[in-house]
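The structure under discussion appears below in the form of structure tokens.
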Amino acid sequence: MAEAFRRKELSPVEATQAALDRAEEINPKFNAFTFLDADRALAAAHASERRWRSGKPLSPVDGIPTTLKDIVWVEGWRVSYGSHTTSQLPCAADAPAVGLMRNAGSVFIGQTTTPEFGWKAVTDSPRFGVTRNPYDPSLTPGGSSGGAAVAAATGAGVLHLGTDGGGSIRVPAAFTGIVGLKPTFGRVPAYPASVFGTVAHLGPMARSVADAELMLHAMSGRSITDWAQGAGALPALHSGQVELRGQRIAYWRSPPQGHVDLAIQQRLDAVVERLVQQGASVEVVDLPAAEILNIFQRHWFSGAAARLAALPQDAQAFMDPGFISTARQGGDWSAAELVDAQNRRAAFGAAMESLLNDYDVLISPAASILPFAAGMEVPPDGAYKHWTEWAGFSFPINLSQQPALAMPCGTTENGIPIGLQLVMSRGQDARLLALGKTIELLLAASH
């Protein structure tokens, strides 16, 4: 699209209007957007058009229609976190990542749906209702960046800003057949700080790895508002070529809880076999021994407890009962138990870095199960009681803060998407994306 802008074959105004029209078309059926900002989007698109015509675009994403999740601050927008309990005053300033995207010329067309406070890996909220999967509206698109995933999958915008605290970018990417990246923690600045702490990341969602890479460049940087970023510099995002021949691949097949759907396992096995045929070496591995689910739940549930404690008691009548239940469980843990979980997390993170010191990449399913009924937190078969129990391929990488890329790798016999996940050591985002593009080409050639 940017190349078409440069050649004056397409205008950012035309692209933005088309994205707005598409969003209006799909939203009644799939509920991906909380609102569309047509007037400001078209004004930004006209400004971008003038820059492209003068040969002075701000970046490769100048004029590209972009959506923002209802969890990040956007100047002039009301950000509700999918909740009736939040302030309805417009934000006075952009979140740092949003500001970086704006400075790169991105055109913000609208805001995408999330569950209340982004607390679960599906997308339905008391404020905006149920978001649905474009491959089958009876199914969930996953979450919590479910609206962004649906927007990407249906072409309602090109670049989509999501957040990921336990799989919230990667699960919906897998469920809707798109690409989603949870970058190395600190690569993308975050403010205000998430109540879920340093498991929470911001990242790009798109229809191709190359688009996600361009978006990551635009939204990455330092911000003095994000103290948790630290002062150290991450390796630069210089992309290069990655050959499959000689790659040392660790194959993670078993999640810490539950099972892998047979169709997903068979598809991942077939992909791994293709990688072996291309000259990669593969070894099946387990993650470092730890009570990973317990560690993550103590972090996540405690964050929910902190969020609930900040709200008046009478607000609970208007909230998601599942969020309230999770928060109350978190409130039952002591400070000593939370600190113990933090210490065990540090040990697990170090062990994960050690594991990836012996391999070039870790590959796994992006999600262990297929999309299930929309409006439910867990599949109806009774195998799981909480979303964290079925998101076992995603939340451990939030604990370790390593970059993780989810990308489509095929479908079931009835056309439901299946996703794979690639994980590398902290800081290796560029190499991860390069490998993702290589695998993307390989899988495209096989079809």
Of the conditions (1) outside any helix (DSSP H, G or I); (2) within 26 Å of PHE128 (Cβ to Cβ), SER59 satisfies every one except a single condition; which number is it? (2)
With the condition kept exactly as written, say whether any residue in segment 163-181 is within 17 Å of TRP300 (Cα to Cα) and over 12 Å from the mean Cα position of the chain (by Cα). no
Would you mind stating whether SER83 is over 22 Å from VAL188 (Cβ atoms), open to solvent by less than 50 Å² (accessible area, probe 1.4 Å) and either at pLDDT 95 or above or assigned to a loop (DSSP other than H, G, I, E, B) (or both)? yes
Selection status of ARG40, closer than 30 Å to SER138 by Cβ, of a type in the set (Lys, Arg) and open to solvent by 10 Å² or more (accessible area, probe 1.4 Å): no
Lone qualifier among SER168, SER194, SER223 - being in a loop (DSSP other than H, G, I, E, B) and either touching a strand residue (DSSP E or B) at 6+ places or on another chain (Cβ under 7 Å) or farther than 27 Å from GLU116 by Cβ (or both): SER168
Being closer than 13 Å to ASP429 by Cβ and either touching a helix residue (DSSP H, G or I) at 6+ places or on another chain (Cβ under 7 Å) or in contact (Cβ under 8 Å) with a residue 40 or more places away in the chain (or both) narrows it down to one residue among LEU268, LEU275, LEU244, LEU181; which is it? LEU181
Criterion (closer than 23 Å to GLN421 by Cα and free of Cβ contacts under 8 Å to residues at least 24 places away in the same chain) met by exactly one of ALA350, ALA367, ALA336: ALA350
Cβ pairs under 7 Å, 6+ apart, first in segment 430-446 and more than 17 Å from ARG245 (Cβ to Cβ), second hydrophobic (A, V, I, L, M, F, W, C) and at pLDDT below 95: ALA430/LEU237
Condition test on GLY349, is it over 30 Å from ALA406 (Cα atoms) and among the small types (Gly, Ala, Ser)? no
Of (1) under 24 Å from the mean Cα position of the chain (by Cα); (2) open to solvent by 80 Å² or more (accessible area, probe 1.4 Å); (3) closer than 14 Å to PHE117 by Cβ, GLN342 satisfies all except one. Which? (3)
In the set SER239, SER220, SER208, the lone residue that is in contact with a helix residue (DSSP H, G or I) (Cβ under 6 Å, 6 or more places away or on another chain) and of a type in the set (Gly, Ala, Ser) is SER239
Restricting segment 139-156 to residues that are among the aliphatic types (A, V, I, L, M) and within 11 Å of the chain's Cα centre (by Cα), which is surrounded by the fewest Cβ atoms within 10 Å (Cβ to Cβ)? ALA149
Got at least one residue in segment 288-310 being touching a strand residue (DSSP E or B) at 6+ places or on another chain (Cβ under 8 Å) and open to solvent by less than 30 Å² (accessible area, probe 1.4 Å)? no
Only one residue in ARG170, ARG78 is farther than 16 Å from ALA32 by Cβ and free of Cβ contacts under 8 Å to residues at least 40 places away in the same chain. Which one? ARG78
Has segment 385-402 got at least one residue that is among the basic types (Lys, Arg) and closer than 24 Å to ASP124 by Cα? yes
What residue, among those in segment 176-209 that are over 21 Å from ARG307 (Cβ atoms) and hydroxyl-bearing (Ser, Thr, Tyr), is surrounded by the most Cβ atoms within 10 Å (Cβ to Cβ)? THR176
Among (1) more than 29 Å from ALA193 (Cα to Cα); (2) under 22 Å from the mean Cα position of the chain (by Cα); (3) open to solvent by 50 Å² or more (accessible area, probe 1.4 Å) - the single one SER281 does not satisfy: (2)
Given (1) part of a helix (DSSP H, G or I); (2) more than 23 Å from LEU308 (Cα to Cα); (3) among the aromatic types (Phe, Trp, Tyr), identify the lone condition not met by PHE117. (2)
All conditions in (1) of a type outside the set (Gly, Ala, Ser); (2) surrounded by 24 or more Cβ atoms within 10 Å (Cβ to Cβ); (3) more than 18 Å from THR66 (Cβ to Cβ) are true of ASP136 except (2)
Answer yes if at least one residue in segment 42-55 is among the charged types (D, E, K, R) and under 25 Å from GLY129 (Cβ atoms), and no otherwise. no
Number of positions in segment 235-254 that are open to solvent by 20 Å² or more (accessible area, probe 1.4 Å) and either among the β-branched types (Val, Ile, Thr) or assigned to a loop (DSSP other than H, G, I, E, B) (or both): 13
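The values are calculated or read from the model by the stated rules, or taken from the named source; none is laboratory data. Being a predicted model, the structure only gives us computed values, none of them experimental. Backbone-built Cβ (ideal geometry, glycine too); neighbour counts: all protein chains shown. To get the accessible areas, we keep the full protein, side chains included, count just its heavy atoms, and leave off ligands, DNA and RNA. Shrake-Rupley method; radii C 1.70, N 1.55, O 1.52, S 1.80 Å.
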